[in-house]
Amino acid sequence: MKAILTVGLACLLGLSTSRAQGPKVLVVTAHPDDETGFSVTMFKIARELKGVVDMAVMTDGGGGFADAQLGSVYYGVNLLDSVTARTHLPLIRKEEIAAAARIMGVRNIYFMEQPDDYYSTDITPYVSGRNWDIPYVERRLDRLLQERGYDFVITMLPHPGQHGHHKTSAVLALRAVQRYKGPGRPIIIAGSPMRNDAKPTEFTQLDGFPETRIKADAPSFRLDRAFRFKENDKVSYKIVADWVIGEYKSQGAIQENGIHRTDYEVYRYYDINDAAGIPRVQKLFDDLARSGYAAPGR
C-alpha cells in the first residue's frame, strides 16, 4: 500500500490552527519549488488575509539534479550524479519545501509521491497513467476537495512549452474540480510569473484537453510583486519571493533565472468555472492589492 505523506505545517511549525478568516486555497503543483511562481500571493493570503493555504505536490522531486552544482557543495552530496541524486533529493526537497512553506504561512503539504522521472514536455506518459498512478492521485485530490472546503484552487498555466509534469498536475486539478459534487465548488485559476518587460503568455487551451480552456470573456488578475513601499521606495514584496527561493539550495536555475526577476503573478480564469465566480476572484485580488504594506496610507 502506498504511504500517504503529508506535512502538517500548522502543528509542525507552531502556526495558528484557529478558524480561517480569509480564503481557503489549494495550490496544486508538480515539484517542490514550482510554487515559487505564486509565492507572494500565497504569503499575502495566509499572513495578511488570515486565510488558509495548502499545497498538493505531485512528484517526489528526485529528478531535479540538472542545476545542482552549488547544491552539491552545500549538502556535501554529489547531486549531479543521477543515482546519488535520486537517493537523496526526495528527502532534501521535502525539507526545502517545508522551509519555504513556513515562510509563506502554508498549513499543509500533501505529497502525492509520483516519480520525477525525466524532463519532457509530453503529457501523455503521466496523464495516461503509464508513468504515474493516476487513480491514487485522483482519490486523494477528491478527498481533499470534499473534506477541506477550499474556495480556490491554483494551478500552473498548462501552456505547451511547460514540463509534462506541470501540465499533468494542472489537468488533474481541473478534473478533480469537475468531479466535485458537493456544495460550494471551488473556483480554479491558472497562475504564471511575468516580468515587467514581457508580454503575458498567450494561452487559450492545451490541445486535446478542453478542460484547460480559459474563459474567453474573463479578465486576467494580477498581483504586483514589485510594488515598492517604505522610505524612498526601498522595499517590495519581491523580498518574500527571494526568501522562498533561497530555501531551495538543491536547485540553481530558479535563482539565476525567471523567478527572482518576476514582477507580476498573473492568473487566468478557467472556462470550467461558472462566470458568476469572476467577481469573487476579482475581490480576492482587490483584497490582496489593499492588504499589508500595499494598503493605502502605508
With Cα springs under 10 Å, the Gaussian network model of the chain assigns the largest mean-square fluctuation among V281, V83, V177 to V83
Restricting to Cα pairs under 8 Å and 6 or more apart, the percent relative contact order of the stretch 164-235 works out to 22
Could you run the Karplus curve 6.51 cos²θ - 1.76 cosθ + 1.60 with θ = phi - 60° over the stretch 59-73 and give me ³J(HN,Hα) per residue in whole Hz, x for Gly and Pro? 9, 7, x, x, x, x, 10, 5, 10, 9, 4, 6, x, 4, 5
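Roughly how big is the stretch 21-294's charge dipole about its Cα centre, with Cβ charges of +1 (Lys, Arg) and -1 (Asp, Glu), in debye to the nearest 20?
Values: 35 positive and 36 negative charges, 171 e Å.
My answer is approximately 820 debye.
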Using +1 at the C-beta of Lys and Arg and -1 at the C-beta of Asp and Glu, which of L26, Y74, G246 has the Cα lying farthest in the positive direction of the dipole of the chain? L26
Value of D in µm² per second that Stokes-Einstein yields for the chain, Kirkwood Rh from Cα pairs, at 20 °C (1.002 mPa s): 110
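Find the relative contact order for the stretch 159-293 and round it to a whole percent, using C-alpha pairs within less than 8 Å whose residues are 6+ positions apart. Present the calculation step by step, with values, prior to reporting the outcome.
Working: 149 pairs, mean separation 45.4, N = 135.
Relative contact order for the stretch 159-293 comes out at 34 percent.
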Taking the Cα-to-Cβ direction at Q146 and at K283 and moving 7 Å from each Cα, how far apart do the two end points lie in nm? 2.8
Zone of Q21's modelled label, taken as backbone nitrogen in the stretch 128-157 under 19 Å from a point 7 Å along Cα→Cβ: 151
Rel. contact order, % - alpha carbon contacts under 8 angstrom, at least six apart, the stretch 21-294: 24
Once both labels are modelled 7 Å past Cα along the beta-carbon direction, what's the R213-K199 spacing in nm? 2.4
Let me check I've understood the local charge: for F38, count other residues with C-beta under 11 angstrom from its C-beta, Lys and Arg +1, Asp and Glu -1. What total comes out? -1
Considering the zone a paramagnetic label at W243 would reach in this model (a point 7 Å from Cα along the Cα-to-Cβ line), which residues of the stretch 26-70 have amide N under 16 Å from it? 36-51, 53
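Could you give the length gained on full extension between K230 and Q178, defined as 0.36 nm per residue of separation minus the Cα-Cα distance, in nm? Display every interim value, and only then the final one.
Details: separation 52, 0.36 × 52 = 18.72 nm, distance 4.37 nm.
Extra length from K230 to Q178 when fully extended: 14.4 nm.
Bear in mind these aren't lab numbers, they're just calculated from the coordinates by the rules spelled out. Predicted, not measured: the structure shown is a model, and the values here were computed from it. Every residue, glycine as well, gets a Cβ built from its backbone with ideal geometry; the counts of neighbours run over all protein chains shown.
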